[in-house]
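Some notes on the structure that comes next.
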Amino acid sequence: MKIHLAAGVATLAFMLQAASAAGPRDRVSVVGSATLFPLASVVGETFGHRGRWKTPIVESTGTGQGFQLFCRGVGPGTPDVTDASRPMSAEERATCASNKVGEVAELRVGMDGILIANGRAAARFELTREQLYRALARQVPIHGRLVPNPHRRWRDVDARLPDLPILVYGPAPNHGTRDAFVALALRPVCERQQEVRVLDEAGRRRACESLREDGAWIDVTGDYSVLLARLVAEPRAVGVLGYGFLDRNRDRVQAARIDGVLPTLDAIVGGSYPLSRPLFLYVKSLHVGSVPGLAEFLGEFLSDRASGPEGYLVDAGLVPQPQAALEAERRKVVAMTTGGR
């Protein structure tokens, strides 16, 4: 009885929202991560070509903006799915709850590695997370104090590094790749510094999450093709991007070793590459059963033919997760469509 009542409430909520809009949507709406945009687009096109359901609308908004759009409410004027290259934060979940989004399902679709890459015409970099922190943090500890980062060349950070200017192209704020880069590469080093440990929580966050704004780090607000073009044109520069973009452009760019580890498929899946991360879909349970094809689109995304070891998303840059983990995510979709029965 509770299951049927919940399903009825979900449908009613969606229909009430539709009544105030131009009308109900006839296809799935996806927003979110620039990293997942190529993957979601391929799944959407494959799904649409099968003919039963219309091709989903897939937009690249960045992870943070995707969560903002997703959490505005329910109904046909809001997205059904946001894909993300980092987990949804507690603050974002609170926004969803305050806007009565209802249950939000988290689906892990695979893995990715954040790369430090440069053009193939240049020498390959070998970096540590300690060196990245001292090169890119807005403030660094020197002589017992946090001071504006004075390092202008890689050799200033470590005499073993090249005598080249620090010039890093990376994703702008609101991109999940930037958030994940800070969390995986900079924060673990930053939080070990005595000058940071004495700060309050807000001070530690500012110290560990703020990147340089003096030209050493340059925000790229367009898609990753813009970043790739800059790396090819500027042999002194390096860029922060996802594994999928390297996999599709190995003739133009190469990845650095981080803490001595190259970002291979095995290293990313096994976790030995230190900048590995999971990739997610977040789904409004209230929209499942109300938006035509939503459950089926999720099933396609998590199918063996898409996300399995030999799936078509591997060719698009996805690092597949172990089979048991993939099957566990599929069971979440089944639970959404059956009300947990």
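Per-structure values
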| item | result |
| --- | --- |
| DSSP-assigned coil residues among trypsin sites (Lys or Arg not before Pro) in segment 133-171, each with at most 11 further Cβ atoms within 10 Å | Arg160 |
| Accessible-area value, Glu191, 1.4 Å probe, nucleic acids and ligands omitted, Å² | 100 Å² |
| Overall Cα dimensions of segment 126-194 - principal axes, largest extent first, Å | 31, 29, 20 |
| Sequence-distant residues sharing a close amide H with Arg27 (under 5 Å, placed H) | none |
| Percent accessible area from carbon and sulfur atoms, segment 194-341, protein chains only, probe 1.4 Å | 51 percent |
| Summed residue charge, Cβ within 12 Å of Tyr312's Cβ, Lys/Arg positive, Asp/Glu negative | -4 |
| In order through segment 238-251: 3J(HN,Hα) via Karplus (6.51 cos²θ - 1.76 cosθ + 1.60), integer Hz, x for Gly, Pro | 10, x, 10, 8, x, 4, x, 6, 5, 4, 8, 9, 5, 6 |
| Normalised contact order of the chain, rounded percent, pairs of Cα under 8 Å and 6 or more residues apart | 27 percent |
| Area accessible to solvent at Ile57, 1.4 Å probe radius, in Å² | 80 Å² |
| Whole-Hz couplings from phi, Karplus 6.51/-1.76/1.60, listed for segment 78-86; x for Gly and Pro | 10, x, 7, 9, 10, 8, 8, 9, 8 |
| P(r), alpha carbons of the chain - 20 Å bins starting at zero, rounded % | 30, 52, 18, 1 |
| For the chain, accessible area per residue (1.4 Å probe, heavy atoms of protein chains only), Å² | 45 Å² |
| Linear extension gain, Thr338 paired with Ala90, 0.36 nm per residue minus alpha-carbon span | 86.5 nm |
| Amide H contacts of Ala172 (H built 1.01 Å from N, under 5 Å, at least 5 apart or other chain) | Val220 |
| For Val140, distant residues with modelled amide H under 5 Å away | Val147, Asn149 |
| Calculated [θ] (222 nm, deg cm²/dmol) that DSSP helices of n ≥ 4 give over the chain, each run adding -39,500 (n - 2.57) | -10500 deg cm²/dmol |
| Per-residue ³J(HN,Hα) for segment 157-171, Karplus 6.51 cos²θ - 1.76 cosθ + 1.60, θ = phi - 60°, Hz, x for Gly and Pro | 6, 7, 4, 7, 8, x, 8, 10, x, 6, 9, 10, 8, x, x |
| Sites matching GluC sites (Glu not before Pro) across segment 198-294 that sit in DSSP coil, with at most 12 neighbouring C-beta atoms within 10 Å | Glu213 |
| Distance between segment 246-305 and segment 170-195 - C-alpha centres, whole angstrom | 20 Å |
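The values are calculated or read from the model by the stated rules, or taken from the named source; none is laboratory data. What you see is a predicted model, and the numbers here were worked out from it, not measured in a lab. We place every Cβ from the backbone using ideal geometry, glycine too, and count neighbours over all the protein chains shown. Accessible surface is based on the protein model in full, side chains and every heavy atom, while ligands, DNA and RNA are left aside. Shrake-Rupley method; radii C 1.70, N 1.55, O 1.52, S 1.80 Å.
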